[in-house]
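J.: Sharing a structure below in structure tokens format, with a few things to ask.
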Amino acid sequence: MQNHRKSPPRLFGALRQHFPRTHALAAGAASFALALTLFVSTPEVEAKRHSLPVTLSSIDSDAARADFVDNGPAGRELRSQNLKVQNGDTLSDLFQRAGVSSAEMYQLLASSDEARQLAKLAPGEELTFRMDSEGALQSLELYRDRLNRIEFKRGESDDFQYTLHQRQADSYTAYRQGEIESSLFVAGSDAGLSHNLIMAMADVFSSDIDFALDIRKGDHFSVIFDEEFLDGEKIGDGPIQAVTFTNQGKAFSAVRYTDVNGDTNYYTPDGKSMRKAFIRTPVDIGRISSHYNPRRLHPIFKTRRPHNGTDYAAPTGTPVYAAGDGRVTRAGYSKSNGNYVFIQHGERYVTRYLHLSKRLVKRGQRVKQRQVIGKVGSTGYATGPHLHYEFLVDGRHRNPATIVRKLPKAKSIPSAEMARFKTQTQPLLAQLERFKQPALAQHREEEDSDKQSVN
């Protein structure tokens, strides 16, 4: 037995049944026009579709930042990579992290003397690499600091062109004063001086004041210097312009001056150079742990042995400076002296530096006054980290703490230049005095107030 099902009527058959032929044709034409409207875009609609912008967010990280900028040659898009120099980084490491080949690096280094300086990078400096889509380096920027930007840009002849971009900081005069309670470093910090300014002040008076031996409670200082600002933000300190330091009741003053040859140094108000032939101490701040004593009892061997120098106790790694200009005659290691450096200054004078943790100069090398020649240590026969410093005149040991005062000073301002010197320096000294007067008056008021409160 077969089960028959009736098929549903087709669409056009149903139309013919329910609509006259003319109505069906009209409906079909309308449907065809609607389809064209839906599936065929006008040129105006097509243009709007292609003009929609697409924005890609950049990827940021602590070590690097990559983004895309449309500033390449002939409008080519360049990829940008920012890297900060870390401890131990080499230029090769940075090129590798930026994805630039060694061949590109060597081409850049060979382009100029300035480019070869890229091999001497310091931690904290920043570099910006810009490469095209094929990875070829188009430009490299080095930010030495916030004021100096060095750019190497590939030119039309495929070589790199060097450009130095510099910004000028705004400079303002600042004044600070302080009184010694325990040490120069503490007093300077309390007065708002940076570590570098404290060291600079000690350097100015290094030939007149032994900051390890001569400092006393109640000593005081006044200083004017430049503060540098960029975009309203302080970025650092400029040089000391004028400074006074009163040590054990004796006042020392110094002013900064650039002579007709362009050399800048510090001088007394009457034009005598603050730079002596030798500095008083070869370390900035420390304490004397053992004085010059020809009859000293040796701390290790417990016998009478001359102590032909002065010992400065200081932390391991503290910089040790050359006391004056000269030539290194010996630099090595011995069982008793540890790491040592000997310097000849002219025909008559020799200085010796013993027990160093590290030597930074070699035999035959010429050195300048206050050049770092080593680091404080405890090598050889030493009970702790310190510098043993000796001073010899005509082959005989002399007391390093007192001999410097008897040695000749550096040149002073020539008489023909004295008028120029006075014109430039007297306003600075007058400015320092104007700052000091209100500060002294306030100090006296505070002292009177303290006395009244005690009574």
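J.: Determine the gain in length on full extension of the stretch residue 416-residue 265; use 0.36 nm per residue of separation and subtract their C-alpha separation, reporting nm with one decimal. All intermediate terms of the calculation are to be shown ahead of the outcome.
T.: On the way: separation 151, 0.36 × 151 = 54.36 nm, distance 1.76 nm.
Value of the extension gain: 52.6 nm.
J.: Same structure, new question: Counting only other residues whose beta carbon sits under 13 Å from that of residue 109, what net charge do I get with K and R as +1, D and E as -1?
T.: With Lys, Arg at +1 and Asp, Glu at -1, the net is -2.
J.: Only loop residues by DSSP count here, and only those with at most 16 other Cβ atoms within 10 Å; note down the trypsin sites (Lys or Arg not before Pro) in segment 206-237 that meet that. Present the calculation step by step, with values, prior to reporting the outcome.
T.: Values: sites: 216, 217, 234; in loops: 216, 217.
For trypsin sites (Lys or Arg not before Pro) across segment 206-237 that sit outside H, G, I, E and B with at most 16 neighbouring Cβ atoms in 10 Å, the list reads 216, 217.
J.: Would you kindly derive the ³J(HN,Hα) couplings of segment 321-338 from the backbone phi angles with the Karplus curve 6.51 cos²θ - 1.76 cosθ + 1.60 (θ = phi - 60°), listing them in order in whole Hz, with x for Gly and Pro?
T.: After applying 6.51 cos²θ - 1.76 cosθ + 1.60, I find 9, 5, 5, x, 5, x, 10, 6, 9, 8, 7, x, 9, 9, 4, 8, 8, x Hz.
J.: For residue 227 and residue 185, FRET efficiency with R0 = 22 Å and r from the beta-carbon atoms, rounded to 0.05? If you can, show how the numbers build up before the last one.
T.: Details: r = 20 Å, r/R0 = 0.92.
That gives a FRET efficiency of 0.65.
Each value in this text was obtained by applying a stated rule to the coordinates, not by laboratory testing. Given the structure is predicted, the values throughout are model-derived calculations rather than measurements. Note: ideal-geometry Cβ built from the backbone for every residue, glycine included; neighbour counts use all protein chains shown.
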